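Right, one structure below, let's go through it.
Computed from the coordinates by the stated procedures, all read-outs in this text should not be read as laboratory data. Everything numeric in this text was worked out from a predicted model, so none of it was measured. Cβ placement follows ideal geometry from the backbone for every residue including glycine, while neighbour counts extend to all protein chains displayed.
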Amino acid sequence: MSLFSFNIEATSAGTMARAGCLTTMHNTVKTPVFMPVGTKGAVKGVTVPILKKAGSEILLANTYHLHLRPGSELFRKVGGLHKFMNWDGGILTDSGGFQIFSLPESRIITEEGAVFRSYIDGKSIFLSPEISIGTQMAIGSDIMMVLDQCVPSTSDYETTRNAMELTHRWALRSLEAKKGSPQAMFGIVQGGCFEELRRESADFLTNLPFDGYSIGGLAVGETKDEREHYTAFVTKFIPQDKPRYLMGVGTPIDILEAVNSGVDMFDCIIPTQLAAQSFAYTSEGQLRLERSVYREDLNVLDDKCSCETCSNYSRAYIHHLFKSGEHLGVELVSIHNIHFYHKLMAEIRKNIVDGTFADYYREKRKVLILRDEKNPMKHPVKKRRKNPPQKIGNYEVFSATGDFYSIRHIESGEVMHSVNDPDDEAFSLYAGQLRFDVLDYKEKNSLVVWDVGLGGGHNAMSLIRHLQEMNISGNNLHVHIVSFENEMDSFRLAVSNPSRFPHVRHSAPVSLLKSNVWETENISWTLLSGDFLIKMYDAPSPDFVFHDPFSRDVNSRLWTVECFRNILKCADGCVELFTYSNSTSVRASLLMAGFYVAEGFPTGPKKDTTIALSPPVMKTKRHKLRKFLDKDWLSRWERSSAKLPPLFDQNEIDSVEEIIRNHPQFKMEL
């Protein structure tokens, strides 16, 4: 039996709002409540003492991430997450269902559970209702969530019904796996944007002994009106004496509307996510501190706020921190936004208890939609810029989890840097693997890097920032980056959205768009627009190649033996090629072209990527950095059903096998 209870202390006449009290294993939580998101056991940029001071009573942590790292065994050893992170308040753990939903290209869902690739090391991971609950029991959370199957809210009826029914079967298994734990457990109402399914899901789950119920499957593609409608619709079917939790929502105005519809609990990454983009919620509306209007504004962030940020720092200073790239700016705004959310919840609760919520709701919703409405510098009010485009040509801004943004090619559905943060992935796979520190053909005082597939510009910009951090001006080295791109709309889309793509907050991308070149004393960046297979002959000979075009399914010509052979010819000496692909057929192409092939850094669901070295590099010390494909790989290749390079047919299999088996790489002592 769980050590959990929920009592309603007040309701609001004329609305569905209510104020209550949750009793957990660790504390008492007043509702309505906002739970800051500490996905991996930490709220970004905010320490535990500051969370407590801001008014945090319960946090959300994520089973998926904590299952991968540090793992259940460590939590059992240390006595749970509370002790591990030194937090004595409540903790609710999400089951991992949403994170599995956000990895559509790297997971398989069956009746038993979900199989997916770890974003940490690429290993295959199995998550079932029993494993999810077992992990949450090891974490020691006060409230556990059942494992559910989440689908986009735009899914058709049949897909939505199948996911709902699987969620129901997993809910029964989750209850069974709980095994008398004193932890509370919530069921998750699914059913997408279908009233019939939502009612059916609520009816099924509320007949089971759950301690509370969450409304899932929202904030995943539906409109704001649809979200508000289905929130209000579902709450009518959840028992009055049980807490109602709207998962993953939302902005302050979203929360106010949901409280008005009878919701008690909320979580969202928005307070810290928008803080990273300099957005602060204040009593005057939402402010964006990067705006030049705040450059000399010595007023505090919000004179009606008592948080640590507002007590000590001016808008001008925070503006300076963001313009200077100092992470302290993000931390200060994160602290303030968390405090703002808790203050909002306290105001909402007080007005419910005092019987004034209906009037408060009508007035507050006018304030919560304001955006930089009051100009603190009393400058002439400028016309507000139009919202940046979310789609240009065949490309659109895309976010699977809300943690970061990528660009998706609409026609093919391929997403550039889809699993990990694009900037982190670009550095790991490309700039970070160059290893200038062990460049042993140092007689060269200039290097050329080909960036094949400019895309959104992440790879080139990761190298530029890396070079600037290295301060190569002191090394008497010049690096020339040559980017190739056939369609510039993806790059234009990224440059048009600097709030979502931090890597373009630099003079280089705008200059490249305007004049096809950007340069400093030690770095130059040139754009060659058009077909890479033609334009490569107009470029200087490369020392390194970032090979990042669309996959062979979409752009097979850039993965052929002929393409890689021509790169070798253009290189005319030492060259190393880095690519995200680890496909058997692509590696076969590289081997047949004359490269030596090694494993590169893992990313997302891939356990490794690929590095290819020209024969001259094998005579330098750099080849010792690489882990080459060995005879075990050759054996797997021989058994593979996808061994042929792109655009080869089965009639050529004998010649392919002969060339690869006799490749000098497989005769080396590795």
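Remarks
- In terms of its C-alpha gyration tensor, segment 160-200 has a prolate overall shape, because the principal axis ratio a/c (a ≥ b ≥ c, square roots of the eigenvalues) is not below 1.5 and a/b outweighs b/c.
- Using the alpha carbons alone, the radius of gyration of segment 418-667 stands to its Kirkwood radius in an Rg to Rh ratio of 0.96.
- In the chain, Rg over Rh equals 1.00, where Rg is the alpha-carbon radius of gyration and Rh the Kirkwood radius from pairwise Cα distances.
- Nearest-0.05 FRET efficiency for residue 13 and residue 162, computed from C-beta distance (R0 41 Å): 0.50
- Modelled spin-label separation between residue 236 and residue 295, with each label point placed 7 Å from Cα along the Cα-to-Cβ direction: 5.5 nm.
- Relative exposure of 235, 154, judged by other C-beta atoms within 10 Å (fewest first): 154, 235
- Here is the short version for the chain: 21, 150, 193, 268, 307, 563, 570, 574 have no other Cys C-beta closer than 4.7 Å.
- For the chain, complete DSSP H runs whose alpha carbons reach 27 Å or more along their own long axis and whose mean Kyte-Doolittle score is -1.0 or higher are 157-178, 328-354.
- For segment 281-378: rounded, prolate or oblate by the Cα gyration tensor [a/c cutoff 1.5]: prolate
- 30 Å Cα-Cα reach of residue 77 towards lysines, excluding residues that sit fewer than 8 places from it in its own chain: 40, 44, 52, 53, 123, 178, 179, 607
- The DSSP beta bridges internal to the chain are antiparallel in roughly 50% of cases.
- Positive minus negative residues near residue 261 (Lys, Arg vs Asp, Glu; Cβ under 12 Å): 0
- The local environment of residue 40, defined by Cβ-Cβ distances under 13 Å, has a net charge of 0 under the rule Lys, Arg +1 and Asp, Glu -1.
- Rounded if a/c under 1.5, otherwise prolate or oblate - segment 549-670, Cα gyration tensor axes: rounded
- GluC sites (Glu not before Pro), loop per DSSP, at most 10 other Cβ atoms within 10 Å - longest free stretch of the chain: 112-410
- Inverse of mean 1/r across different Cα pairs in segment 114-246, Kirkwood, Å: 15.4
- Two-decimal Rg to Rh for segment 4-49 - Kirkwood Rh, Cα set: 1.11
- Net charge of neighbours whose Cβ lies under 9 Å from the Cβ of residue 184, counting Lys and Arg as +1 and Asp and Glu as -1: -2
- Count, lysine Cα pairs under 23 Å in segment 281-378, 8 or more residues apart or across chains: 16
- Under the criterion of Cα pairs below 8 Å and six or more residues apart, the relative contact order for segment 281-378 equals 39 percent.
- The label-point distance for residue 411 and residue 666, in a model that sets each label 7 Å from Cα toward Cβ, rounds to 3.7 nm.
- Spacing of the two label points (7 Å from each Cα toward its C-beta) at residue 647 and residue 179, in nm: 5.8
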